[in-house]
Each structure stands twice: as structure tokens, then as C-alpha cells.
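A.B. asks: Following this message is one structure expressed as C-alpha cells.
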């Protein structure tokens with residue numbers, strides 16, 4: 001299958017549910033940590049090198065065909081926040097539905113049977129990439145880009161930020177995204193030797209704390 005499948009999977013219009021989530025940006029805006037393009041860029045840079053790196057490693061490993069059950073357990077261990085674990089599984093369930101309709105495969109069917117309430121989204125993303133004929137690097141790029149693209153899109157709405165400024169943030173982060181993907185894929189390829197413990201395990205403490213606080217809000221624009 002051609003690389004055009006990557007464009008479909010990475011498209012924000014792909015019905016995987018990501019549009020309803022801010023990746024922690026809503027909590028950061030309320031806390032005053034994101035106030036404009038410069039602070040948004042700093043937030044996204046931190047998210048890329050923590051949550052983004054972890055997601056990219058898991059997605060790459062799943063795309064290489066490593067056991068989704070083992071990878072899902074590894075994702076749980078790397079997600080201290082119960083709120084974020086619940087979000088990851090909700091997004092995983094939605095992505096599974098969309099992926100099975102788009103690229104039917106036995107591996108996706110097996111994943112749906114094993115996780116009726118949803119596997120962690122990066123794991124599903126990797127299995128989806130595999131079903132679409134994409135590479136581990138493709139899966140990692142989708143995961144890493146999503147880790148910053150979601151917050152930027154949310155910040156444009158939350159702050160009435162100029163969309164051109166938001167796009168500029170993403171463009172400036174592109175070289176670092178390349179580095180994150182390179183590291184994630186290298187770690188995924190070493191799973192056969194090092195096991196899943198060798199996958200990235202970076203942590204964004206404020207992301208975890210913010211997610212727990214955000215989950216208790218009575219009124220919010222985004223689900224996370």
C-alpha cells in the first residue's frame with residue numbers, strides 16, 4: 001500500500017476522536033502556563049519530548065509487530081495519571097473503530113476482541129499503521145505530530161490565537177520532531193533485545209497533574 005495512507009491516518013479529519021482533546025493545553029491555559037505563541041511553543045516542546053516520545057516509541061513498536069498486550073501494559077506503566085489512562089483508552093477505542101472500517105485486518109479485529117474498552121491509543125495507532133502498510137517510522141511520526149498538533153489546534157480556539165502563529169510553532173518544532181521519531185524507532189527496533197522496558201519512559205509531571213485537575217472541572221471545552 002502506498003504512503004498516501006499516511007496522509008489519511010495523520011489527517012485531523014480522520015474520525016479518531018482527537019479533535020475533542022487538547023493534550024493538556026486547556027489545563028495549561030487556565031493555569032497561565034500558555035498565554036500566547038511563545039509559551040505554547042515551550043509547552044509543545046516539553047510535551048513532544050515526554051508524552052510524544054513515549055507515544056512514538058509505543059506506536060513504532062506496535063507497527064513492527066510486537067505483542068500489543070505487552071505494549072499496552074507498558075503504556076499503562078508509563079501513564080501514572082488515571083485520567084490520562086482513561087483518555088488513552090477512549091481514544092484507542094475510537095481509533096480502533098475508525099481503523100477497522102478503513103483498513104480491515106485480523107490484527108485490528110484481534111485487538112478489538114482483546115480490549116473491548118480500548119487499548120492505549122499509541123498501541124492502536126501502531127497496529128493501524130501496520131494494517132495500512134505503513135512503517136514504524138510512519139507510526140512514530142503520526143504519534144509525535146499528534147502530541148503537538150492537538151495542543152496547537154486547541155490553543156487556537158482557547159486563546160483566539162492567530163492560526164498562522166500556531167502553524168509557525170509546529171514548523172519550528174519540526175526538526176525536533178524528526179529527532180524524537182529517530183530515537184523512538186531505534187528504541188522500538190531494540191525491543192527484541194531489551195524488551196519493552198527499553199522503550200522511552202519520559203514523564204511530564206505537570207501534564208499528569210493537570211489532567212487530574214482537568215478531569216474534575218464542571219465546565220470545560222475539551223475532554224482532556
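A.B. asks: Please find, among 40, 91, 95, the residue that is under 18 Å from the mean Cα position of the chain (by Cα), more than 19 Å from residue 15 (Cα to Cα) and part of a helix (DSSP H, G or I).
C.D. replies: Unique residue meeting the criteria: 40.
A.B. asks: Say whether the condition of being free of Cβ contacts under 8 Å to residues at least 40 places away in the same chain, surrounded by 24 or more Cβ atoms within 10 Å (Cβ to Cβ), under 12 Å from the mean Cα position of the chain (by Cα) and closer than 25 Å to residue 155 by Cα is met by at least one residue in the range 46-55.
C.D. replies: Taking the range 46-55 and keeping what is free of Cβ contacts under 8 Å to residues at least 40 places away in the same chain, we get none.
No, the range 46-55 contains no residue that is free of Cβ contacts under 8 Å to residues at least 40 places away in the same chain, surrounded by 24 or more Cβ atoms within 10 Å (Cβ to Cβ), under 12 Å from the mean Cα position of the chain (by Cα) and closer than 25 Å to residue 155 by Cα.
A.B. asks: Here's something else I'd like to know. Given 86, 101, 73, 112, which one is in contact with a helix residue (DSSP H, G or I) (Cβ under 7 Å, 6 or more places away or on another chain) and either part of a helix (DSSP H, G or I) or closer than 26 Å to residue 209 by Cα (or both)?
C.D. replies: 112
A.B. asks: Out of the range 6-21, which residues are over 18 Å from residue 168 (Cα atoms), in contact (Cβ under 8 Å) with a residue 24 or more places away in the chain and not in a helix (DSSP H, G or I)?
C.D. replies: Correct list: 14, 15, 16, 17, 21.
A.B. asks: Return yes or no: is residue 74 farther than 19 Å from residue 172 by Cβ, surrounded by 21 or more Cβ atoms within 10 Å (Cβ to Cβ), under 12 Å from the mean Cα position of the chain (by Cα) and modelled with pLDDT of 95 or more? Even if it seems obvious, please write down each step before you answer.
C.D. replies: Values: farther than 19 Å from residue 172 by Cβ: yes; surrounded by 21 or more Cβ atoms within 10 Å (Cβ to Cβ): yes; under 12 Å from the mean Cα position of the chain (by Cα): no; modelled with pLDDT of 95 or more: yes.
No; evaluated as a whole, the condition is false for this residue.
The values are calculated or read from the model by the stated rules, or taken from the named source; none is laboratory data. Because the structure is predicted, anything quoted here is derived from the model rather than measured. Cβ: placed from backbone, ideal geometry, glycine included. Neighbour counts: every protein chain shown.
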